[in-house]
Amino acid sequence: MEFSGVKRRKPRLADDQRNACYPHSLQFYLQPPSGNVSLTEFETLAIDRVKLLKSVENLGVSYVKGTEQYQSKLEAELRKLKFSYRESLEDEYEPRRKDHISHFILRLAYCQSEDLRRWFIQQEMDLLRFRFSILPKDKIQSFLKDSHLQFEAISDEEKTLREQDIMASSPSFGGTQLELESVYKIPFAEALDLFRGRKVYLENGFAYVPHKDIVAIILNEFRTKLSKALALTARSLPAVQSDERLQPLLNHLSHSYTGQDYSTQGNVGKISLDQIDSLSTKSFPPCMRQLHKALRENHHLRHGGRMQYGLFLKGIGLTLEQALQFWKQEFIRGKMDPDKFDKGYSYNIRHSYGKEGKRTDYTPYSCMKIILTNTPGQGDYHGCPFRHSDPELLRQKLQAYKIPAAGLSQILDLVKGTHYQVACQKFFEMTHNVDDCGFSLSHPNQFFFESQRILGGGKDIKKESVQPETPQTRPSVQRSKDSSSALDSLSSSLDMDLEELEELLQ
Ligand code: SF4
């Protein structure tokens, strides 16, 4: 993929060319996309895929995968975000192209750490599993062939010949009749897991795998390929990151979230300092509750904690004057000299409100940023308790927050599965006594505003006031003013419309 500002006239691809580009609604992503993409489109595609993968994660922990509810909700999500899903739909070129390019963009953003890679691979696998499950039977063979998977469905005669052996060796058949199921003959080495579990019929170096079991093998293959590809991408990352147009965007993609950035200050001044203690137990997410408690107890927080907590407080409405007063009072309680505070700390607070230095109006940290960057060390209280606390310590904290035993194990299971934000969402539901919170958590300030909305009897007072000019439906990557404006200016100079892109893809 390249980025260029060269303007060209648009010729539209002929229908047969469009179909040949993407013959199926699902892909193994064997070839990277070619052609040019504008930075604006690059960003939009990437954000939509992050949204999609977050929905995949949420649905995967909220519903049993493969059930009717799971399938229909995921299909609705794909439809809403305009990604490909059904083989039979007419003119699927754009959704499939979007699927292809956005997958490769996220490879760049999500190859950067073990955590990111694991999360990305898991969501991509679930997405592929869903798409494969709704692929019409008569398309499966051609999809396998196009994906370079040498899995061939055997003929009815071959099936009949081995009927007894296949049925006896494959528990996944259950009561299904063999003639209704496809059976694939695949090299033995590809079916090692089934072989280890004694769940497959082997003959002359080949495994005879029923349709229900082939999905696991395909996913395994996909995982191996994607994992290798991410490792390779990570190696070429320094070159990509040296591109000053991409570097800020990729960083923000992997550390950010989709949705509101909580930078607008519509509710400035609506919180008084006296309210903070009680708000911290009622409406703060565990990460901020932990910071507040540590600050009150130790009358001090180290830099990482001051940044994370200070920007959160700014996002819920503390004015600069209130912030200065809040931190100063607390530090003085810890016997700090007022002069020392003024000289050493108030500059940083004013800086975070955009009143010093480059005058960047910093936005509160998103969950992804907190989870993935600046791991807390000894004596630090920042970070995300679901990600950074020792499991036993987390259990104790949750018990102290009065989470019932059943809920506790649910949350700890989610943490074990590395679904930290979903675990926090569960925490929200339990502490607010709601079955389904109805949002996908991505930001500590979102936790706060949703909590206030519920505690205020469903009136969305704070949420409305905080973002009058930023509709929730408008996707946006959180970024500092610096990178945002740099990107915007680059985008405008490099923008090419979709017509030109189509021409380049010819
Ligand atoms: S998931 Fe987000 S809001 Fe919840 S504790 Fe972690 S960082 Fe805070």
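Note on region 420-449: residues that are near the ligand (Cβ under 9 Å from one of its atoms) and in a loop (DSSP other than H, G, I, E, B) total 3.
Look at GLY354 and say whether it is within 12 Å of the ligand (Cβ to nearest atom), out of contact with any helix residue (DSSP H, G or I) (no Cβ under 6 Å at 6 or more places or on another chain), outside any helix (DSSP H, G or I) and open to solvent by less than 50 Å² (accessible area, probe 1.4 Å). When the stated conditions are applied, GLY354 does not pass them. Suppose we filter region 58-77 for residues that are aliphatic (A, V, I, L, M) and surrounded by 15 or more Cβ atoms within 10 Å (Cβ to Cβ); how many remain? The number of residues fulfilling the criteria is 3.
Entry remark, region 357-366: residues being within 16 Å of the ligand (Cβ to nearest atom) and in contact with a Ser or Thr (Cβ under 6 Å, 6 or more places away or on another chain) number 2 in total. Out of LEU301, LEU250, one residue alone is open to solvent by less than 30 Å² (accessible area, probe 1.4 Å), at pLDDT below 95 and away from the ligand (no atom under 15 Å from the Cβ). It is LEU250. What do you reckon, is TYR184 within 27 Å of LYS65 (Cα to Cα) and in contact with an Asp or Glu (Cβ under 7 Å, 6 or more places away or on another chain)? Considered against the rule, which asks whether it is within 27 Å of LYS65 (Cα to Cα) and in contact with an Asp or Glu (Cβ under 7 Å, 6 or more places away or on another chain), TYR184 comes out as yes.
Looking only at residues of region 132-161 that are of a type in the set (Gly, Ala, Ser) and under 26 Å from LYS65 (Cα atoms), we find that the one that is nearest to the chain's Cα centre (by Cα) is SER133. Kindly evaluate LEU291 against the criterion of being modelled with pLDDT under 95, among the hydrophobic types (A, V, I, L, M, F, W, C), buried (at least 21 other Cβ atoms within 10 Å of the Cβ) and part of a helix (DSSP H, G or I). For LEU291, the condition - modelled with pLDDT under 95, among the hydrophobic types (A, V, I, L, M, F, W, C), buried (at least 21 other Cβ atoms within 10 Å of the Cβ) and part of a helix (DSSP H, G or I) - is not met. The residue of region 23-36 that is surrounded by the fewest Cβ atoms within 10 Å (Cβ to Cβ), among those that are touching a Ser or Thr at 6+ places or on another chain (Cβ under 9 Å) and modelled with pLDDT under 90, is PRO23. Taking the numbered list (1) outside any loop (DSSP other than H, G, I, E, B); (2) under 24 Å from THR224 (Cα atoms) in turn, LYS65 passes all entries but (1). Residue pairs whose Cβ atoms lie under 7 Å apart, separated by 6 or more positions or on different chains, with the first residue in region 65-82 and within 17 Å of GLU124 (Cα to Cα) and the second of a type in the set (Val, Ile, Thr), are TYR70/VAL64; LEU74/VAL56. Out of the residues in region 193-229 that are in contact (Cβ under 8 Å) with a residue 40 or more places away in the chain and open to solvent by 80 Å² or more (accessible area, probe 1.4 Å), state the one that is nearest to HIS100 (Cα to Cα). Once the filter is applied, the top-ranked residue is ARG223. Identify, please: which residue in region 401-419 is assigned to a helix (DSSP H, G or I) and farther than 25 Å from ALA294 by Cα and is, among those, nearest to the ligand (Cβ to nearest atom)? Filtering first and then ranking leaves LEU414.
Out of region 37-47, which residues are open to solvent by 20 Å² or more (accessible area, probe 1.4 Å) and either free of Cβ contacts under 8 Å to residues at least 60 places away in the same chain or in contact with a helix residue (DSSP H, G or I) (Cβ under 8 Å, 6 or more places away or on another chain) (or both)? Of everything in region 37-47, those that are open to solvent by 20 Å² or more (accessible area, probe 1.4 Å) and either free of Cβ contacts under 8 Å to residues at least 60 places away in the same chain or in contact with a helix residue (DSSP H, G or I) (Cβ under 8 Å, 6 or more places away or on another chain) (or both) turn out to be THR40, GLU41, GLU43. Across region 304-324, the number of residues qualifying as within 16 Å of the ligand (Cβ to nearest atom) and among the hydrophobic types (A, V, I, L, M, F, W, C) comes to 5.
When residues in region 305-325 are screened for being of a type outside the set (Lys, Arg) and open to solvent by less than 10 Å² (accessible area, probe 1.4 Å), 11 of them pass.
Whenever a residue of region 378-400 is more than 18 Å from HIS292 (Cβ to Cβ) and near the ligand (Cβ under 10 Å from one of its atoms), it has no partner that is open to solvent by less than 70 Å² (accessible area, probe 1.4 Å) and among the polar types (S, T, N, Q) lying with C-beta atoms less than 6 angstrom away and at least six residues away or across chains. The number of residues in region 135-171 being within 18 Å of ASP213 (Cβ to Cβ) and open to solvent by less than 60 Å² (accessible area, probe 1.4 Å) comes to 15.
The condition of being away from the ligand (no atom under 16 Å from the Cβ), open to solvent by 20 Å² or more (accessible area, probe 1.4 Å) and in contact with a helix residue (DSSP H, G or I) (Cβ under 9 Å, 6 or more places away or on another chain) holds for only one of LYS328, LYS369, LYS335, that being LYS328.
The values are calculated or read from the model by the stated rules, or taken from the named source; none is laboratory data. This one's a predicted model, so the numbers in the text were calculated from it and none came from an experiment. Heads up, the Cβs are rebuilt from the backbone with ideal geometry, glycines too, and the neighbour counts pull from every protein chain shown. What goes into the accessible areas is simple: the full protein's heavy atoms, side chains included, and nothing from ligands, DNA or RNA. Shrake-Rupley method; radii C 1.70, N 1.55, O 1.52, S 1.80 Å.
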